[in-house]
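Before any comments, here is the structure.
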Amino acid sequence: MGCEGTAADTATHRGSGEKVGLRYSIPMQVTLDIPDEVAAQAKVQGVPVEDYVQRLLKQAASQTSEMARRKMTDAEIQAWLDELTQFSEKIPAMPGETFSREMIYQDHD
């Protein structure tokens, strides 16, 4: 399989530190079971299912790369940490001692 480079995604050119764009085109054939909802949306928009799915994939890839490049604000980081710890009070306290083999296997014979 070959790749062709064109201006699209950002990369650093070796040695110069200059930002350059690269787009890779990889020809492939993928067979999928398309849900009825996706086929119905393609029909509503008047496009072939293949074109509609390709558009969805491009949109998803674009959104993912935008999210990866985006820096979170301090408030967003704090909200994310709060979400992670929202049920932490339900986690039992650790015993003050090291876990012994007997402690680990206390419910086994």
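The values are calculated or read from the model by the stated rules, or taken from the named source; none is laboratory data. All figures in this text were calculated on a predicted structure; none of them were measured in a lab. Here the Cβ is made from the backbone with ideal geometry for all residues, glycine too, and neighbour counts use every protein chain on show.
Quick one: which helices (runs of 4 or more DSSP H) sit completely within the stretch 25-109 and have at least 2 residues that are of a type outside the set (Lys, Arg) and at pLDDT below 80?
The qualifying helices (runs of 4 or more DSSP H) are 49-69.
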>> Let me spell it out: the conditions are (1) over 21 Å from the mean Cα position of the chain (by Cα); (2) loosely packed, with under 10 Cβ neighbours inside 10 Å, and Glu50 meets all of them except one. Which number is the exception?
In response: (2)
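When you look at Ile77, is it farther than 30 Å from Val38 by Cα, free of Cβ contacts under 8 Å to residues at least 12 places away in the same chain and surrounded by 10 or more Cβ atoms within 10 Å (Cβ to Cβ), yes or no? Break it down stepwise before answering.
Details: farther than 30 Å from Val38 by Cα: yes; free of Cβ contacts under 8 Å to residues at least 12 places away in the same chain: yes; surrounded by 10 or more Cβ atoms within 10 Å (Cβ to Cβ): yes.
Yes.
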